[in-house]
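The values are calculated or read from the model by the stated rules, or taken from the named source; none is laboratory data. Predicted, not measured: the structure shown is a model, and the values here were computed from it. Virtual Cβ from ideal backbone geometry, glycine too; neighbours counted across all protein chains shown. These area figures cover heavy atoms from the full protein model, side chains too; ligands, DNA and RNA do not enter into them. Shrake-Rupley method; radii C 1.70, N 1.55, O 1.52, S 1.80 Å.
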Amino acid sequence: VAVVVLGMLFALMTMAYTGALLSSSKGLPLWRTSILPVLFLVSGVVTGLALVVLSSVVAGRAGDLGLHQVRMLALGGAVAIVVELLAIMSFMNSAYKSKDGREAASRIVGSAGFIWGDLILGLTVPLVLLLAAYFGIADKGTALNVVSIASLLILIGGYLLRHSILAAGMSASLETAGFKFRPIANPDFLVSEPGRLPPS
């Protein structure tokens, strides 16, 4: 039992580690928030549950589950998705409080990968599928298939969430020690002088 508890504790710490590391990046306003470790932790739990369900189905170990157990899996997944949606809302609200954070958050909101990939395909559609498996499907095999599809979509959404946050944070303006650095939007016009390399 002690090993299991320690394993769970270290797993939770590992999930939150990436968010904690990014939140210590003081030059990137989007990442500089205490909500980011919480978001990564919640997203890690959700995608971890999805991976366990999906791997159990692929390995054939989910056949022993009853309909009630499959429904409980669906309900647990649905609750986890709602918690993740609330964490995303808190993260975006925190990002919009600063000018540079708002700039990066606008990039996320304008990203098709975040809106269509994470919010819709990775969270909303799985939420609908899981609720359908819990409330409306009486056949265990069908319910298990629906939960498996939802789990796969959750994994895709989890990847796109992290990609969107990393991409938007790195492309945001930097503000460190009173100096402001903004990336050049279209650096193609920069031409190197003879004998010099173009700026990177």
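Things to note:
- Selection count where residues are aliphatic (A, V, I, L, M), within 22 Å of LEU119 (Cβ to Cβ), modelled with pLDDT under 80 and open to solvent by 50 Å² or more (accessible area, probe 1.4 Å), scope the range 9-40: 1
- Test: residue in the range 75-84 that is assigned to a helix (DSSP H, G or I), touching a residue at least 12 places away in the same chain (Cβ under 8 Å), open to solvent by 50 Å² or more (accessible area, probe 1.4 Å) and under 18 Å from GLY19 (Cα atoms): yes
- Any chance SER94 is small (Gly, Ala, Ser), in contact (Cβ under 8 Å) with a residue 60 or more places away in the chain and open to solvent by 30 Å² or more (accessible area, probe 1.4 Å): yes
- Of all residues in the range 56-74, those being part of a helix (DSSP H, G or I) and loosely packed, with under 13 Cβ neighbours inside 10 Å number 5.
- Residues in the range 123-180 that are among the acidic types (Asp, Glu) and modelled with pLDDT of 85 or more: ASP139 only.
- Against the test of being over 25 Å from ARG71 (Cβ atoms), assigned to a helix (DSSP H, G or I) and touching a residue at least 40 places away in the same chain (Cβ under 8 Å), the options ALA105, ALA143, ALA133 yield a single qualifying residue, ALA105.
- Residue list for the range 136-154, restricted to those being more than 20 Å from GLY48 (Cα to Cα) and either out of contact with any Leu (no Cβ under 9 Å at 6 or more places or on another chain) or buried (at least 23 other Cβ atoms within 10 Å of the Cβ) (or both): GLY136, GLY141, THR142
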